[in-house]
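*Asks:* There's a structure below that I have some questions on.
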Amino acid sequence: MYDKAFDWWVIIALMGLCGANTMPKAYVLIVAKKGVQKDDLLEPLMSIEEVKEAYQVLWNFDVVAKIIVKDIRQLKHTIISKIRQLPEVDKTVTLIAAES
């Protein structure tokens, strides 16, 4: 069973991997609600300021969106209050890019 809280455990675990002087980057894997076409999800996603790129993908997800924010709090706000609130979105999984 999918647990939406899982996204935030990943963020908490990776907070130390994001450099203090860099803007966090994340990739959000998105599943559209049943009956929603992938194309219909791209436009509302790209209207969100923090979403820099969005693409249709194959496999278990419908769209992947690249997000760049100033800090982890803004990332949380962007995903919970903006992306997950889109009527076309069913589920999300967040992957945070760690500095190498």
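No value in this document is a laboratory result; all are computed from the given coordinates. Quick caveat, the model's predicted, so the values are computed rather than measured. No Cβ is skipped: glycine too gets one built from the backbone with ideal geometry, and neighbour counts run over all protein chains shown.
*Asks:* Would you mind computing, in nm to one decimal, how far apart the modelled labels at E49 and Q37 are, each placed 7 Å from Cα along Cα→Cβ?
*Replies:* Label-label distance for E49 and Q37, simple model: 3.1 nm.
*Asks:* Whole-Hz Karplus ³J(HN,Hα) for region 84-89, in order, using 6.51 cos²θ - 1.76 cosθ + 1.60 and θ = phi - 60°, x for Gly and Pro?
*Replies:* Per-residue couplings from phi come out as 5, 8, 5, x, 7, 8 Hz.
*Asks:* Sequence-distant or interchain residues sharing an amide H contact under 5 Å with A54, placed H: which?
*Replies:* Sorted by chain and number, the residues that satisfy this are K66.
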